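Readers should treat all values here as calculations from the given coordinates under stated rules, not as data from a laboratory. As the structure is a computational prediction, the values presented were derived from the model and not from experiment. Note that each Cβ is placed from the backbone with ideal geometry, even for glycine, and that neighbours are counted across all protein chains shown.
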Amino acid sequence: MTQKKKSLLRRVLRRVAYWVVMGMFFVPSRFGKKMTEIPEAENAYALPGFLEGAGAAAHEEVEFREPGTGLVLRGTFVPGGGAAKCAVIFCHGLTGTRMQLGEQAQFVHLLGHDVLMFDMRGHGASEGDFTSLGYFERHDVLAACGYLRERRGAKGIVLYGFSLGAVAAVMAAAEDEGVLGVVAESPYASLDEIVAHKAREHYHVPKWPLVTLSLWATEVRRGFDRREVDLAKALPRLAGKDALLVASRSDKTIPVEMTRELKDYLCEGHEYWEVTGAEHGMIFSGEHRGEFERRLRGLLARCDEAIRW
């Protein structure tokens, strides 16, 4: 081989080595960082409509700490005044805030339930600067449960979560014996599955090796075990509690297949309800509201009855 050809080969090999290093380390690290960033939400500190203006329900701005990290989480407590009723915690989705589930909170409050809407870490008025897509957020929900029991005397708690909040709510319910029921609207099945889906959808990135390496890099950077964010493991631990999973075939953010596959892991007596025609976050607001209210009212009534036993 001539000297010229050897020089060309060395340049080619250096270029290949450069892109291998970029693909193996830099790109996964950058993608992993991006997938845990939280874009700032619009109207981050605004309250749901039923708490503003003339005739607004009495409410109180509250804060509590998540014990594991010491982060201060902030929210709004709305006393319901109903005797022997569960308190309900609302858990918003990624980039959302406490106001995201305002319609549902208003409906539940009118039934006489105490309501706690709060901003999860990194969202709204709460402390924190990244999302773990469910791993640490479940601790936020557990801290909210502790607040209601210790400061408000809650005898029973129901969790209502949407998207990321639904994943955190299911995981928290599996760990907290005082949670009597959970409503999970449009949850994804696992952290691995939702990240792989978004990588394909937005960046056309294959799961192997880039997504897998990105997930590993994120675990190291953020300090959590992504394998724990898996509702197939959490749902069987809800035996003895009430549960309602809701999904829409028209949801383009969380494909219905991700929620539908969880049907196989529901316990006896749990409900799975699938609708069509509702986009992400619009099931309660659209044509299915009446049926949604009926199912939600039924779950709350059963949990209230459990308190009285």
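Observations on the structure shown:
- Site pair E103 and E177 shows an inter-label distance of 3.8 nm when each label is modelled 7 Å from Cα along Cα→Cβ.
- Note on E305 and T69: their simple-model spin labels are 3.9 nm apart, each label 7 Å out from Cα toward Cβ.
- Sorting the segments 89-98, 105-114 by their residues' average number of neighbouring beta-carbon atoms within 10 angstrom, most packed first, yields 89-98, 105-114.
- The shape of the range 159-282 comes out oblate: with a ≥ b ≥ c from the C-alpha gyration tensor, a/c is at least 1.5 while a/b does not beat b/c.
- Note on M258, M117: ascending count of other Cβ atoms within 10 Å places them as M258, M117, the fewest first.
- The distance separating the Cα centre of the range 202-281 from that of the range 57-90 comes to 26 Å.
- Prolate/oblate/rounded label for the range 121-197 (Cα gyration tensor, a/c 1.5): oblate
- Förster-model FRET efficiency, 45 Å R0, I38 and T2, C-beta, rounded to 0.05: 0.20
- Fully extended contour minus Cα-Cα distance, from E52 to W216, at 0.36 nm per residue: 54.6 nm
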